[in-house]
Structures are given as C-alpha cells and as structure tokens.
Amino acid sequence: MKLSTLLQNRRSNNIKETSPFESTGDVTGKSPVSTFWLVLHASFCVISLALGFRLSRIFFLFLFSTSSTNFYTVPFGSGEISVPLRVHSTVTVTPNAKIENPVKKEAVTGGSRVVVGRHGIRIRSWPHPDQDEVMKAHRMIERVQMEQKALFGVKSPRTVIAVTPTYVRTFQKLHLIGVMHSLMLVPYDLVWIVVEAGGVTNETASIVANSGLRTIHIGFNHRIPISWDARHKLEARMRLHALRIVRKEKLDGIVMFADDSNMHSMELFDEIQSVKWIGAVSVGILVQSDTDESSSSLKEKASPMPVQGPACNATRHLVGLHTYDSSKYAKRSAFYIGDRAPVLPRKLEWSGFVLNSRLLWKDHEDKPDWIKDINALNGANEDVDSPLSLLKDTSVLEPLGSCGRQVLLWWLRVEARTDSKFPP
Amino acid sequence: MYNFIGSAGDVLEDDPVGRLKVFVYELPSKYNKKILQKDPRCLAHMFAAEIFMHRFLLSSAVRTLNPEEADWFYTPVYTTCDLTPNGLPLPFKSPRMMRSAIQLISSNWPYWNRTEGADHFFVVPHDFGACFHYQGSITIPPYAPPQKMHTHLIPDKTPRSIFVYFRGLFYDVGNDPEGGYYARGARAAVWENFKNNPLFDISTEHPTTYYEDMQRAVFCLCPLGWAPWSPRLVEAVVFGCIPVIIADDIVLPFADAIPWEEIGVFVDEQDVPKLDTILTSIPPEVILRKQRLLANPSMKQAMLFPQPAQAGDAFHQVLNGLARKLPHERSVFLKPGEKSLNWTAGPVGDLKPW
C-alpha cells in the first residue's frame with residue numbers, strides 16, 4: 001500500500017516538477033520540496049538500475065513496511081524460473097515416520113477450510129517408495145488385469161499343446177529354457193510335448209522338470225545328423241511322432257509348434273485360441289547376416305524382416321502364403337550345423353501353423369474330410385515338410401493375427417561350433 | 001438412497017421431456033452471437049458448455065415460446081468467451097456482463113422481478129459460478145470434445161498396466177514461479193514426492209497418446225489447478241480410469257445423480273505426501289467395483305456434450321436436475337417490494353455497466 005502510494009506520488013510529482021519549470025521559466029526558483037522529490041526520484045532510478053526493477057520494489061518494501069509481513073528468502077532474478085519454495089519439515093521422530101506436517105503461511109479467510117495465499121509444498125523426508133506398497137500395487141494391477149481378461153478376453157480357452165523337438169548340444173540349455181519360460185507364462189492350460197532325438201537324456205529331463213508344466217518327454221531313436229538339411233527333415237519326423245501321441249492320447253486343445261530356438265510373444269497364445277481347425281500365423285524370420293558383409297551393408301538400406309505368413313487380399317480372404325526368399329543367401333548358407341554362415345529356413349516352417357488337436361483324432365464326428373490321417377502316411381513320411389501336406393485342400397487355412405499383419409513369433413537358428421561345450 | 005451395485009442408479013436415464021418447460025430469453029446478440037463471432041475458438045475450450053447449452057435449448061422439446069407456462073427461464077450469456085492469444089480463458093468481465101444481462105431482462109420482462117430470479121438459471125461454467133447461488137445450483141462438467149475422445153478408444157482387453165497416470169503442469173512458472181500459489185502447492189507436492197516413484201507415471205509432457213494412456217491406467221490424478229475442477233475428471237470417467245480427486249473445496253458435477261464417492265478416490269490436499277500409501281491400501285474388490293461402475297455407459301454419456309445432443313448426455317442431465325428442483329416453493333414468488341438479493345455487493349469494478 002505504502003509502496004504504491006509512493007509510486008503514485010512519484011508519478012504525480014513528476015508532472016508537478018515539469019510544470020513549475022515551464023510556467024515560471026525561472027531556474028533559480030526551486031523550492032526545497034521539489035529538490036527533495038527530484039533527489040528521491042533520482043535515487044529511485046539509480047537503485048532500480050542497480051538492483052533491477054523487482055528487487056528495488058522489495059528493497060523499498062523492506063524499508064517502509066512494518067514487521068507484520070512474513071519474510072521469505074525471495075530469489076533474485078526478474079520473473080524467471082526460480083527455486084520453488086519448499087517446506088521441509090523438522091526432524092522425524094522415528095525412521096519409519098514418513099509423513100510430516102509442514103508450516104502453513106498466511107492468514108485464514110472466510111469460513112471454508114481452504115486458505116488463500118501461498119501454501120507450503122509438502123514433501124516427506126523419506127522420498128523412496130515403500131517396498132511392501134510397491135508389491136501391493138503390482139498385485140492390484142495383476143488382479144485388475146485378471147478381471148479384464150475374464151471380461152474381455154477369450155471366453156472358453158482351450159488347452160495349448162506345445163510340440164518341441166530338441167537334442168543335447170551346447171546351446172540346448174539356452175534355447176530350451178527360453179521356450180520353457182515363455183510357456184510358463186501362458187495363462188491357459190498347457191501340455192508340453194518334448195521330443196528328443198537320440199533318446200531321453202538326463203540333461204533334457206532336468207531342464208524340463210523345472211518348468212512345473214505338464215510335460216510328455218519322449219525319445220526318438222535317431223541322432224541328429226550334421227547337416228542342416230537333414231536336421232530339418234528329422235525334426236519334421238519328430239513332430240509327426242508327437243502328433244501321433246496327440247492322436248493316441250486324444251489330447252484336446254490347440255497344437256502349436258514351439259521350436260526350441262524360436263521366440264514367442266504372449267499375444268501368440270491369445271491369438272491361437274481363435275483357431276477353428278487349422279490356422280497360419282506370421283513368423284518373423286531372423287537370419288544372421290554374414291560378418292563379412294558389414295562394410296557393404298552400410299551402403300544398402302536396411303531391408304525389412306522377412307516374414308512367413310498368410311497373405312490376404314483387400315476383403316481379408318486368404319489368397320496365399322508369404323514365404324522366405326532364400327535367393328540372397330543361396331551360395332552362402334550354412335551346410336553343417338555349427339558353420340559360421342547364415343542358417344536359412346525351409347520353404348515353410350512348421351512353427352507358423354497351428355492345428356486343432358481334434359483334426360488328428362482317429363474318429364470324431366465334426367472332423368472335416370479334408371484332413372489326411374497321420375497314421376495312414378506311412379510310406380510318405382519323408383515328404384511331410386509342413387502341416388499343409390496333411391491337407392487335401394489348402395484353402396481351409398485360417399489366417400490369424402489380423403490376417404498375418406501381426407508378427408507373433410520369430411524364427412531363428414543359432415548353434416555353437418560342434419566342438420564347444422557349455423557350461424565350459 | 002439409490003442402489004448402486006453394478007449400476008449408477010436410474011436417475012441418469014430419466015427423460016426430462018414433459019417434466020419441465022424452459023423459456024429462452026431473446027437477448028441482443030452482443031451477449032452471445034457477437035462474442036462467438038469475435039472468437040470462434042470458444043467452441044472448443046473447456047467452457048464451451050455455455051454455448052452448446054444455448055444451442056441445445058433452442059431446439060429442444062422442453063423449450064416453450066410461451067413464458068407464462070415456463071417453469072424455468074434461461075438467459076443465454078456467453079460470459080467466458082474471452083480468451084487470451086494462447087486460448088486460455090479470462091473470466092474477469094463476466095460479473096459485469098451478467099449484471100448487465102440481468103438488468104436487461106428485469107426491465108424488459110416481468111418474470112425476473114416476480115421471483116427475484118429464483119426460477120431463472122444460467123450456465124456459468126467456471127469459478128464465478130459458485131458465487132451465484134440461486135436456490136442451490138447445478139454444477140455441470142467442463143467441456144471435453146466427445147468425438148476426439150471416441151476416436152482414441154483402444155480395445156477393452158488391453159491390460160491396464162500403469163498404476164497412477166498424470167500429465168499436466170506441476171508449477172505454473174508464468175504466474176507463480178516459486179510455487180505455493182498454483183494448486184495451493186498440491187501439484188508441486190505430487191511432483192516432489194513421487195517424481196522418482198516407478199508406480200507414478202507423471203510428467204509435464206503433451207503426448208499424442210494421452211487418451212490411449214489413460215485407458216491403460218488404473219488411477220488418474222485429477223488435482224486442482226487454479227480452479228478446483230478440470231477436464232481430467234470427464235476424461236477419466238470416459239476412459240474408465242479411477243479419478244483421484246485432490247481438491248478440498250470441489251463441487252462435483254451432477255452430484256445428486258452421480259455417486260462420486262463410489263467411483264472416485266478423494267484425497268485431502270494435506271495428505272498428498274501419503275498418496276502412495278492411500279492408493280495401495282485400497283482393497284482390490286473396491287477397485288474392481290469402481291471400475292465396474294465407471295464402465296456404465298450412462299455414466300460416461302452423462303459427462304459429455306455431444307453434437308447433436310443424445311439421450312442421457314450432459315444436456316439432459318442438466319434438465320433432469322432442473323426438473324428435480326420443481327415444483328418451486330410458494331415462497332419463491334415474492335410479494336411486491338420484497339428484496340432478497342443484494343445487487344451492489346462485490347468489487348467496485350464489477351458494478352460498471354458493460
């Protein structure tokens with residue numbers, strides 16, 4: 001109040017000063033009062049110049065105000081971002097006490113419990129979250145998500161039957177544990193059929209036993225050959241062997257092929273629940289590039305990841321399948337397992353297909369007539385290189401994952417040199 | 001009271017047509033049309049409700065052209081259509097505008113003086129509205145664009161993985177650089193206490209996925225700013241995120257029809273440092289119940305001002321609220337000479353004619 005009147009006086013005195021000069025025209029006729037105001041005005045200007053406009057106002061506030069105002073440490077600077085006023089409370093009583101009540105400034109107005117004016121910013125002295133509370137929050141989120149799944153997710157989920165061919169080698173533990181953890185996270189019932197080349201071994205059994213899942217561990221009495229081509233063929237036979245088990249045991253659910261070095265997303269398991277008989281999903285193909293390519297590959301544009309999966313036309317109908325184009329690596333692909341060259345997928349990978357297990361049963365009322373019986377394939381085993389060979393009519397294939405636009409799993413084959421050992 | 005288990009009560013679905021009649025005064029266009037012509041941005045900002053309400057009433061079935069049979073009288077004044085270059089509203093002229101409008105209607109029509117305005121209503125969607133008390137008032141939600149929100153919906157099965165979500169200012173560095181005035185220090189307290197807490201996804205960014213993120217969160221903070229309410233409340237209800245209301249003196253919209261205590265969490269401003277303890281101590285069943293109530297489509301519809309108006313939306317809730325206040329008490333009709341409102345109260349500047 002006083003400051004504003006001072007300023008107003010300054011302004012009006014400014015006007016008063018000039019007029020006596022003009023009207024009288026007498027320079028020597030200065031009264032002591034106008035001199036005083038002139039000096040005061042000049043001193044205000046000088047101080048404003050020196051301290052900045054804002055501080056000079058505060059300077060005068062301190063000079064002329066009574067002690068009833070509260071004192072803050074007002075930061076310097078004219079209206080820029082300054083350190084906010086923090087009210088840290090006094091020392092805590094016990095180490096567990098996290099919350100303090102700080103001081104509130106300014107008077108209370110009116111009858112509401114809301115006070116006007118500047119408030120302190122309450123900060124507790126222990127800034128870190130309490131671990132029990134964090135765990136509680138995570139459990140709350142889990143419960144909310146469970147409820148969401150129950151309300152909006154798959155209504156009557158079917159059992160997932162995962163078929164994994166494997167064999168003992170350096171990277172087996174690495175690959176198999178990866179698949180195992182993915183399967184352990186699946187929120188539906190699961191049966192894991194592990195087919196091991198060369199017979200059942202303790203190494204594989206010990207890895208699989210840690211899963212806590214229902215597993216069927218069977219041996220296949222052939223050893224994995226050295227060349228990739230032969231290995232792929234043998235794996236196809238191992239998978240058929242697993243499918244025969246499904247048929248014999250009349251397992252009910254959805255069969256998917258979880259190769260041990262592949263990577264699966266959790267959305268895959270949600271998406272396959274919607275398959276009716278046989279479906280195709282998009283598989284991203286990860287092929288190692290040659291190390292010698294590093295210099296020239298910088299000049300090329302990064303090519304998109306090749307995908308094997310269903311191809312649809314504009315009306316969302318299946319028109320074909322995208323497959324991997326191996327022409328780029330035709331001469332440079334790996335021949336033997338453990339070669340330092342890129343490993344290429346086959347024309348069609350098993351992992352991109354899912355089947356309703358009822359297709360494999362011997363007698364079932366709803367079983368469609370376009371499926372061949374696996375037990376009747378005896379002589380033709382060598383030619384079954386994908387589930388499509390089991391179909392008489394491939395147009396019944398259902399595209400999954402918004403018609404293949406979503407890549408739900410990734411195919412990769414990485415093997416160590418045959419003479420290496422892990423753990424060392 | 002109402003039975004809210006799984007539903008939000010039938011009051012939201014009432015149809016006001018036939019239960020009341022509203023007469024709309026014809027004011028000179030300087031009170032409404034000219035203001036809108038001067039700045040068409042008013043149609044999109046959070047106070048746009050006053051404009052949409054006017055348009056809705058003009059074409060609604062509750063409108064009557066005969067003032068003698070009207071239960072309520074509506075005065076269309078766009079008091080908040082005064083925006084800064086940035087688009088933020090300046091409601092400083094609104095008391096004068098309001099006074100001027102009332103003087104106009106009281107001198108040109110006899111209906112105001114009959115009851116000293118007790119059967120008149122205004123749409124005042126900002127803080128000054130709380131000061132105009134006529135037999136109680138109806139608080140309406142701030143305007144949030146319904147079409148824009150509906151284009152950003154994500155599938156219901158997307159799991160909610162964010163615990164607490166907030167985007168907005170914590171300090172208003174333009175007007176209150178040291179903090180302490182803006183939001184009464186509550187927003188600054190949220191930031192200082194929880195900026196490093198991984199459960200709290202809070203920042204001042206303006207992400208393009210703001211609406212999608214709210215649908216992935218369990219709790220959405222709705223702290224006061226310079227005013228106690230904010231469009232966040234509407235957004236939280238529409239997106240199914242439990243609103244955490246941190247505003248000591250807030251009056252929530254349609255409080256007699258929407259059970260805010262049951263769908264939201266109220267935290268006192270002084271308890272902000274304990275916010276994580278408060279939120280994690282809510283039992284999961286309570287959270288699921290709140291989410292179920294929020295999922296009620298009539299609740300979401302009641303908070304919106306869709307163009308054109310739809311059944312159950314905020315326009316209809318206002319009319320329902322007005323209908324619930326009928327019939328007027330006999331004492332409302334004053335005998336000649338009685339006065340119950342003091343029109344000269346308030347700062348001198350507000351008494352200047354507009």
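Below are the figures for this structure:
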quantity: Yes/no for residue B:213 being among the charged types (D, E, K, R) and part of a loop (DSSP other than H, G, I, E, B); calculated: no
quantity: Checking residue A:316 against (1) surrounded by 15 or more Cβ atoms within 10 Å (Cβ to Cβ); (2) more than 20 Å from residue A:239 (Cα to Cα); (3) touching a helix residue (DSSP H, G or I) at 6+ places or on another chain (Cβ under 9 Å), the condition it does not meet; calculated: (1)
quantity: Pairs, first under 21 Å from residue B:273 (Cβ atoms) and free of Cβ contacts under 8 Å to residues at least 40 places away in the same chain in the stretch B:158-187, second surrounded by 20 or more Cβ atoms within 10 Å (Cβ to Cβ) and of a type in the set (Ser, Thr, Tyr), C-beta under 7 Å, six or more apart; calculated: B:171/B:182; B:176/B:182; B:179/B:171
quantity: Residue check for residue B:180: within 14 Å of chain A (Cβ to nearest Cβ) and at pLDDT below 90; calculated: yes
quantity: Count of the stretch B:166-191 residues which are buried (at least 23 other Cβ atoms within 10 Å of the Cβ) and out of contact with any Pro (no Cβ under 8 Å at 6 or more places or on another chain); calculated: 4
quantity: Output for the stretch B:24-45, where each listed residue is within 20 Å of residue B:121 (Cβ to Cβ), in contact with a strand residue (DSSP E or B) (Cβ under 8 Å, 6 or more places away or on another chain) and in contact (Cβ under 8 Å) with a residue 60 or more places away in the chain; calculated: B:25
quantity: Hits in the stretch B:127-156 (condition: modelled with pLDDT under 75, crowded, with 18+ Cβ neighbours inside 10 Å and of a type outside the set (A, V, I, L, M)); calculated: B:129, B:139
quantity: Answer residue from the stretch B:153-172, given it is among the aromatic types (Phe, Trp, Tyr) and part of a strand (DSSP E or B) and is farthest from the other protein chains (Cβ to nearest Cβ) among those; calculated: B:166
quantity: Qualifying residue in the stretch B:103-110 (condition: β-branched (Val, Ile, Thr), over 18 Å from the mean Cα position of the chain (by Cα) and modelled with pLDDT under 80); calculated: no
quantity: Top-ranked residue in the stretch B:213-223 [being within 14 Å of chain A (Cβ to nearest Cβ) and in contact with a Leu (Cβ under 8 Å, 6 or more places away or on another chain); ranked as surrounded by the most Cβ atoms within 10 Å (Cβ to Cβ)]; calculated: B:219
quantity: Out of B:278, B:258, B:282, B:287, sole residue that is closer than 28 Å to residue A:122 by Cβ, of a type in the set (Val, Ile, Thr) and part of a loop (DSSP other than H, G, I, E, B); calculated: B:282
quantity: Lone unmet requirement of (1) at pLDDT 90 or above; (2) out of contact with any Ser or Thr (no Cβ under 6 Å at 6 or more places or on another chain); (3) not small (Gly, Ala, Ser) for residue A:290; calculated: (1)
quantity: Filtered residues of the stretch A:144-170 (kept if aliphatic (A, V, I, L, M) and touching a helix residue (DSSP H, G or I) at 6+ places or on another chain (Cβ under 7 Å)); calculated: A:144, A:154, A:160, A:161, A:162, A:163, A:168
quantity: Subset of the stretch A:112-142 (residues that are more than 30 Å from residue B:295 (Cβ to Cβ), among the basic types (Lys, Arg) and either outside any loop (DSSP other than H, G, I, E, B) or more than 7 Å from chain B (Cβ to nearest Cβ) (or both)); calculated: A:122
quantity: Residue within the stretch B:274-286 that is of a type in the set (A, V, I, L, M), more than 12 Å from every other protein chain (Cβ to nearest Cβ) and buried (at least 16 other Cβ atoms within 10 Å of the Cβ) present; calculated: no
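Residue by residue, here is whether (1) within 10 Å of chain A (Cβ to nearest Cβ); (2) in a loop (DSSP other than H, G, I, E, B) holds:
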site: B:187; (1), (2): yes, no
site: B:191; (1), (2): yes, no
site: B:198; (1), (2): yes, yes
site: B:202; (1), (2): no, no
site: B:206; (1), (2): no, yes
site: B:225; (1), (2): no, yes
site: B:233; (1), (2): no, no
site: B:238; (1), (2): no, no
site: B:243; (1), (2): no, no
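The values are calculated or read from the model by the stated rules, or taken from the named source; none is laboratory data. Being a predicted model, the structure only gives us computed values, none of them experimental. Don't worry about glycine lacking a Cβ; one is built from the backbone with ideal geometry, like all the others, and counts go over all protein chains shown.
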